Amino acid sequence: MRAMTSFRYIGAKRRAKEHPRFVSGRGRFVADIALPGMKHVALVASPHASARIVSIKIEKALAAPGVLYVLTGEEFCANTDSLAIGVDAPKVTRFALAKDVVRYAGEWVAAVVADSRALAEDAAERIEVEYEPLPHVIDPEAALKADAPLVHPAHGSNLLYHRTFVWGPVEEAFANAEHKIAFRAVWGRSATVPIETFGVAAQWDAGTGILDIWASIQMPKFPDQVARALRFPGNAVRVHHDVDVGGSYGVKRGLKHAVLVGYLTKTLGVPVRFIEDRLENLRGGDMQGPDRFFDMQLAFDTDGAIRAMKIRAVDDVGAYAGRSPFQLGKPVTAICGPYAIGAIEYEPTSVMTNKTPQEAVRGFGQSPTNFAIERAIDRVARHLGMDSIEVRKRNFIRKDQFPYTIPSGSTYDSGDYHAVLDKTLAAIDYGSLVRARDEVRRSGRLAGIGIASCLEPSGGNSAFEVLMNPKNENTTWMDSCLVRVDLSGAITGVINNSSAGQGHESLVSTVLGEILERDPETIRVVRADSLTALPSNSPVGSRMAIMLGGAAAGAAKTIKETLTAIAAHNFECSPEDLEYHDGSVNVKGASSKKFSWDQLVEIAHRKFHKLPPGLEPGLQAKFVWEVPTGGALPTPEGRIQIYPCYAFEAHVVLVEIDPDTGKPMIRRYVCGHDCGVMINPDIVHGMTYGGIAHGIGAALYEKFAYTEDGQLASGTFMDYLIPSAMEVPALAIVDHCTPSPLTTFGQKGSGEAGYLGAPAAIANAVNDALDPLGASIDALPISHLAIWSAIGARKGAAST
Amino acid sequence: MSETLHAVSVEVNGRPRSARVPARLSLVDWLREDLFLTGTHVGCEHGICGACSVMLDGQPVRACLMYVVQAHGHRVTTVEGLAKPDGSMSVLQDSFCETHGLQCGYCTPGMLIATQALLNSNPDPTEAQIRDAIGGNLCRCTGYQQIVEAVQLAAERMAKEAK
Amino acid sequence: MLATHGESAKLLAGGQSLVPMMAMRLVRPGWLVDINEIAVLKFVAVEKDVARTGACTRQCVVERDEALAARVPLLRQALKWVGHIQTRNRGTVGGSLAHADPCAELPLVAQVLGARMLLRSAKGARTLEAEKFFSGPMATSARPDECLEEIHWPAWSWRRTGSAFTEISVRHGDFAMVSAAAQVAIDGDGRCVRAAFGVGGAGGTPLAFPKIAARLVGTRLDDAAVSDAAHAAAAETQPGSDLHASAEYRRHLAGVLAARALREARERARSL
């Protein structure tokens, strides 16, 4: 195992390369892209959850000042193809503009193009759409009933995906276990809701036949999918990755936005930009998140050992599906959490309703699943009268059991769960925390301690695709890096994706500096566009430290080997006789007998006569890396290795509740975190803090709520409640390092950290607080109202 | 119907700017679209997220909730106006870089405006005062932790510089 | 302007509520009259029994005014709950009152203290008590041609006067689910000589309970008396339900918060 101190730059405090441009107001976000002659889009959205479009009258809009064009679904659907759907449901087609019917309130019906956004909005108000309302369904269980209105009648039912996986002797374990519990855990519909909405600008060049796209995008295979929907060859779409993305955490996948704007610029011959406003973003932007309930059953013994677990997960994807049903698939890779549970039954069910479609959310289904599992652990402890810490430790996979293969076929690479939990408890001084809680309780208020431990599967190998769709044989999730050393000897790393705050420029410069032993400050990192890029699957699934870091390291090693080969050729010796040091290459044991960096670069670029035979002139190297452990198809029982690396986190939190109002307040928060070797600790910590805050939102505040008639009730920031600095308390992180044996430096992923365990920890804390009253809440978000209702409307509370 | 235009004169980052604008043009749209000061961002356009914060006569306000015509005769400071006179980063900007007080950078200009205004009136704020000052600025990346640390660091450094 | 255009014209004060509604195209005035640069609408004048504020006085100015805080402390106490520093820097006192959101803080203060609104039109001026001014959710009795010019906040003369404002919102700075304000005066023996309290968010307008408050006069404002008054008040409320709070929850909160505000006001009075 590698000790962190053996690195020169990795793990050291280092300012992010990206920061100076942002703090000076020089970021370049999509709304900052102004193209000459650019036109703007406003949309007409459906007011109905389900309706037939009887007619659309556009004449008044076309006559409005500054209006260039009005596009409806009739024209758009005839000239573009449906967006891809992940699971095998070919009749569930999806276009940016509705044709014939609308399937959710907020669905786009028409697009107006005008000189300014304000004029386009003025004109959009003049479009008259006549609707004939149709029956709708909002509740996923109702949607599964035989007589439910069908969201997509051509599909034949509202069921999009269903399978029952049985891994191991589940029924036997349930028959033999000393105890069983069953309960339902409900995860409310929430999402990542970045502060920047989605936006896209596009320009069709009839001269070159290229569609240029600038978008706030975070999505694998985005250029390919845009091209397919527009019926273009892939090389006619050029997505620019040098657009700063104002937060994403999974959701910025505006495929329909990009196809719409791409079609408009192609049709009109002028650049077109569409930036969602916040109302469009929340309602019709198709970026809501998992909306799920879990029917949990556990079989366990009196000593706390959990023998088997059954999970039925029903997820409401809304009216259309892209990749969102796969959010039921990723949890397969860590289906028993950090626990050695020998038999698992998992029944994922994906349902369509007349709600806004859901998109990928940080963790891709992992956080809801962790919430259900961690609630289950606390319920087991309560059932047995055991300390929940003891139940966790009793069932944790032990350090000496790694690599450890779980029933669903994924092998966990490494970990030390007991050590991290102990460290976390020590950091928060658990004994005093318990005393603090009891002190609050004695004062007549409610208080609870919440603990959650969970895994962050990382490395972004999306093998849930092949697991959930037998027609899909995509088994590679490669990523790449190109490293160039120019004539001046300066190093440039070329990456192939846009970033949304993850610090990829910092990551790559640090890794290149580490391998090439050059100061990362001097290393530039730029982004190829999609026509010049190497293959990439974009920053999803906590993969970039592993995959981009690994690719950058691979390319840098090739540069190092090339430099050594040049030196060996000129010294007429074997490369084994040489050593690389700070960019120069010298003969072992003779440090003065060396070629400097500048000399080697000079030879590579200008002195072909000094190059070893067969070596390309110039100095650059690419490296394309397949995800470690990736590449396989599932077994017939659905066993598969999905993600390669498993980071671990343990959360301990103290929540206080005002018994008269139900108001919860987070008093203490410590998160223990082991993501192996951290390349940049500030960046890892930052994402973890942010993930915790996001998890606090999912636990207590955020919900896309719908009325019975299918209207989004939380369509503004006054009702969709993102926690502010007043709701998020001071947070503390305790680091631990169990390196991954699978990665270049021992790193694991961390982009989803914090968010994966926070909702579970807070829910457990609220339940610990309610426990003395005999009350419990297993549905998120836990609103003030829900807490007050659980406490019971105590008369006379005003006198307390 | 073409919109009536109104003459405005506004001092933006120390520079007098004049324009003829429609009454409904928001201050943030004018700064971004006409003056190309794109550092000020739009997040919600209904006054909740704080991404569009600028200083009006030295006080932080939401630029999405003001029309340009209302800024006539006033001083506006945007994130582009926070740098030192030589163009280098202010102590606060540098402190945000040092503590990793930002990730995607989208809320950052608003955070800088809010916290610079705080430090201007209260050079030694408590953590609670810092949180209160940014309570109207939403950030989705940082969990606010490293932003609070940045302001604390800036306050310390400014106190040292003042000595 | 208002006389000419009537209901199609809207006055724009701080714009912290009206502008978002226009941005969402929920409100579309034909004419928008900006009153922000009218100097005579921006002042704070503290007199013997009354404090006067111009309608377009910024909330931050009122919040920082020490003389005002000494005479009508409830204003500063309430403003701490209003939005955020950025919105208080633009938001105005009169704008908040004229907007008449039943969950907003300043309308509740006006209702509890019995503030008087000076309304002016081209035809002349008139004064309306808060109770008559607030006519329903986001609605006032001001006529379309009238402009709110001044607000007169009664200042109590008892030396031992205490006041308090409290509220519950999901997030800090949001509109309250329920808010409560109270002001009490006690004599040298600690007996209540005057009391006023009310709750916001529990009906179509902010509510004050003068008759229930009158029952506190003569008591020592002990917890039982306070609790009785708060519960009597809560029982009179008819709150609505929304995403964040049911009617029943709101009514419960009205009782809890009214009691808290009264107790806190009492403690302030006792400390004087």
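The values are calculated or read from the model by the stated rules, or taken from the named source; none is laboratory data. What you see is a predicted model, and the numbers here were worked out from it, not measured in a lab. Quick reminder, even Gly has a Cβ in these numbers, built from the backbone with ideal geometry, and neighbours come from all protein chains shown. Surface areas here come from the heavy atoms of the whole protein model, side chains and all, with no ligands, DNA or RNA. Shrake-Rupley method; radii C 1.70, N 1.55, O 1.52, S 1.80 Å.
The interface between chain C and chain B buries about 1700 Å² of solvent-accessible area in total (1.4 Å probe, ligands and nucleic acids excluded). The value given for chain B is a Kirkwood hydrodynamic radius of 16.2 Å, derived from the mean inverse Cα-Cα separation.
Here the Karplus relation 6.51 cos²θ - 1.76 cosθ + 1.60, evaluated at θ = phi - 60°, turns the backbone of the range A:661-678 into coupling constants of 10, x, 6, x, 9, 7, 9, 9, 8, 10, 10, x, 9, 10, 10, x, 6, 8 Hz, with x for every Gly and Pro.
For the range B:5-81, the relative contact order comes to 39 percent (Cα pairs under 8 Å, sequence separation of at least 6).
The accessible-area loss of the range C:149-180 on complex formation, taken against its chain alone with a 1.4 Å probe, reaches 50 Å² or more at C:170, C:171, C:172.
State, to one decimal in nm², a quarter of the convex hull surface area for the C-alpha atoms of the range C:161-270, i.e. the direction-averaged projected area. Quarter of the Cα hull surface area: 6.2 nm².
In chain C, inverting the average of 1/r over every pair of distinct C-alpha atoms gives 18.7 Å as the Kirkwood radius. Taking both sides together, the accessible area buried where A meets B is about 4100 Å² for a 1.4 Å probe. Counting Cβ atoms of other protein chains within 10 Å of each Cβ in B:127-139 and taking the mean gives 6. Residues of the range B:29-56 losing 30 Å² or more of accessible surface, assembly versus chain alone, probe 1.4 Å, please list them. Those are B:32, B:33, B:38, B:43, B:45, B:46, B:48, which lose 30 Å² or more relative to the chain on its own. Label zone (residue A:130, point 7 Å along Cα-to-C-beta; backbone nitrogen cut-off 19 Å) within the range A:44-66: A:45-48, A:50-62.
Between the amide H of residue A:68 and those of A:113, A:114, A:115, distances stay under 5 Å, these residues lying 5 or more places away or on another chain, with hydrogens modeled in the peptide plane.
May I ask you to order A:567-580, B:135-148 by the average number of other C-beta atoms within 10 Å around their residues, highest value first?
Details: A:567-580: 15.9, B:135-148: 27.7.
Sorting A:567-580, B:135-148 by mean packing, highest first, produces B:135-148, A:567-580.
Amide H to amide H, with H built 1.01 Å from N, residue A:210 comes under 5 Å of A:205, counting only residues 5 or more places away or on other chains.
The modelled label-to-label distance for the pair residue C:67/residue A:75, using points 7 Å beyond Cα in the direction of Cβ, is 6.6 nm.
Would you jot down the residues in the range A:683-702 that end up with at least 10 Å² less accessible area in the complete protein assembly than in the chain alone, with a 1.4 Å probe? In the range A:683-702, residues shielded by partner chains: A:683, A:686, A:687, A:689, A:690, A:693, A:694, A:701. Calculated accessible area for the protein assembly as shown comes out at 34 Å² per residue, all protein chains present (probe 1.4 Å; ligands, DNA, RNA ignored).
A probe of 1.4 angstrom, applied to the heavy atoms of all protein chains, finds residue A:293 with accessible area near 20 square angstrom. Comparing A:274, A:415, B:58 along the charge dipole axis of the protein assembly as shown, the residue lying farthest to the positive side is B:58, per the Cβ-charge model.
Could you list, in their original order, any pairs among A:17/A:266; A:17/A:622; A:17/A:663; A:17/B:160; C:42/C:132 whose Cα atoms are separated by more than 31 Å?
From A:17/A:266; A:17/A:622; A:17/A:663; A:17/B:160; C:42/C:132, over 31 Å: A:17/A:266; A:17/A:663.
With both labels modelled 7 Å from their Cα along Cα-to-Cβ, the residue C:3 to residue C:224 distance reads 6.1 nm. When the square roots of the Cα gyration tensor eigenvalues are ordered a ≥ b ≥ c, the ratio a/c for the range A:373-506 is 1.5 or more and a/b exceeds b/c, which makes its shape prolate. Distant-in-sequence amide contacts of residue C:32, defined by a placed amide H-H separation under 5 Å and a gap of 5 or more residues or a different chain, comprise C:10. Loop-located GluC sites (Glu not before Pro) across the range A:639-734 with a Cβ neighbour count of 11 or fewer within 10 Å are A:708, with loop assigned by DSSP. Long hydrophobic helices in chain A: the complete DSSP H runs spanning 30 Å or more by Cα along their own axis with mean Kyte-Doolittle hydropathy of at least 0.0 are A:544-571. In summary, the lysines within cross-link reach of residue A:145, defined as a Cα separation below 24 angstrom excluding same-chain residues under 8 places away, comprise A:91, A:310, A:355.
Solvent-accessible area of the protein assembly as shown (1.4 angstrom probe, protein heavy atoms only): carbon and sulfur portion equals 51 percent.
For chain C, what is the mean residue ellipticity at 222 nm derived from helices alone (per DSSP H run of n ≥ 4: -39500 (n - 2.57); sum divided by total residues; nearest 500 deg cm²/dmol)?
-10000 deg cm²/dmol
Taking 30 Å as R0, compute the FRET efficiency from the Cβ-Cβ separation of residue A:432 and residue A:775 and round it to 0.05. Computed FRET efficiency for residue A:432 and residue A:775: 0.70. Could you report the buried accessible area between C and A, both sides summed, computed with a 1.4 Å probe and given in Å² to the nearest 100? So the total buried area for this chain pair works out to about 2400 Å². In a reduced charge model with +1 at each Lys and Arg Cβ and -1 at each Asp and Glu Cβ, chain A shows a dipole moment near 720 debye about its Cα centre. Take each residue of peptide A:188-195, count the partner chain Cβ atoms within 10 Å of its Cβ, and average: the result is 3. Among the GluC sites (Glu not before Pro) in the range A:106-194, those located in a DSSP loop and surrounded by at most 16 other Cβ atoms within 10 Å of their own Cβ are A:125, A:178.
Does anything in the range A:328-353 have its amide N under 19 Å from the 7 Å Cα→Cβ label point of residue A:401, and if so which residues? A:332-346, by backbone N distance to the label point. The share of Cα pairs per 5 Å bin across the range B:91-162, counted from zero up to the longest distance, runs 3, 19, 33, 28, 12, 3, 1 percent.
Residues in the range A:11-21 carry Karplus couplings, in order, of x, 8, 5, 8, 5, 5, 5, 7, 4, x, 5 Hz; the curve used is 6.51 cos²θ - 1.76 cosθ + 1.60 with θ = phi - 60°, and Gly or Pro positions show x. Stokes-Einstein diffusion for the protein assembly as shown at 20 °C, viscosity 1.002 mPa s, with a Kirkwood radius from C-alpha pairs, works out to 67 µm²/s. Per-residue packing, averaged as other Cβ atoms within 10 Å, sorts the ranges A:678-687, A:489-498 into the order A:678-687, A:489-498, beginning with the highest. Ligands, DNA and RNA aside, residue B:160 has an accessible area near 140 Å² when probed at 1.4 Å.
For residue C:242, the accessible area of its heavy atoms, probed at 1.4 Å with every protein chain present, is near 80 square angstrom.
For the range A:474-491, 3J(HN,Hα) computed residue by residue from phi via the Karplus equation (6.51, -1.76, 1.60; θ = phi - 60°) reads 7, 10, 10, 10, 4, 9, 9, 8, 10, 10, 10, 10, 8, 4, 7, x, 6, 9 Hz, glycine and proline entered as x. Shape class for the range B:43-82, computed from the alpha carbon gyration tensor (a ≥ b ≥ c): oblate, with a/c not under 1.5 and a/b at or below b/c. In chain C the longest region clear of GluC sites (Glu not before Pro) that are loop-assigned by DSSP and have at most 16 other C-beta atoms within 10 Å covers C:48-272. Determine, from the Cβ-Cβ distance of residue A:268 and residue A:155 and an R0 of 30 Å, the FRET efficiency 1/(1 + (r/R0)^6), rounded to the nearest 0.05. That pair, residue A:268 with residue A:155, gives E of 0.30. Extension gain residue A:312-residue A:730, at 0.36 nm per residue separation less the Cα-Cα distance, in nm? Once the chain is fully extended between residue A:312 and residue A:730, it gains 146.9 nm. With each label modelled as a point 7 angstrom along the Cα→C-beta vector, the residue A:488-residue A:592 pair spans 3.3 nm.
Full extension of the chain between residue C:24 and residue C:235 yields a length gain of 72.3 nm, computed as 0.36 nm times the residue separation minus the alpha carbon distance. Per residue of chain A, the DSSP helices (runs of n ≥ 4 H) give a summed -39500 (n - 2.57) that works out to -7500 deg cm²/dmol at 222 nm. Summary of packing: across the peptides B:8-20, C:12-24, C:48-60, the per-residue average of other C-beta atoms within 10 Å ranks them, highest first, as C:12-24, C:48-60, B:8-20. Directionally averaged projected area (the range A:4-50, Cα convex hull): 8.7 nm².
Could you work out the equivalent-ellipsoid semi-axes for the range C:42-173, taking the square root of 5 times each eigenvalue of the Cα gyration tensor, largest first, in whole Å?
21, 18, 14
For A:519, A:291, A:479, the ranking by accessible surface with the largest value first comes to A:519, A:291, A:479, using a 1.4 Å probe. Counts of other chain beta carbons within 10 angstrom of each beta carbon in peptide A:149-162 average 0.
Restricting the trypsin sites (Lys or Arg not before Pro) of the range A:386-483 to loop positions (DSSP other than H, G, I, E, B) with no more than 11 neighbouring Cβ atoms within 10 Å leaves A:471. In chain A, taking the dipole from charged Cβ atoms about the Cα centre, the farthest positive-side position among A:22, A:118, A:104 is held by A:22.
Dipole orientation for the range C:37-127: of the candidates C:43, C:118, C:96, C:118 has the Cα lying most toward the positive pole (charges on Cβ; Lys, Arg +1; Asp, Glu -1).
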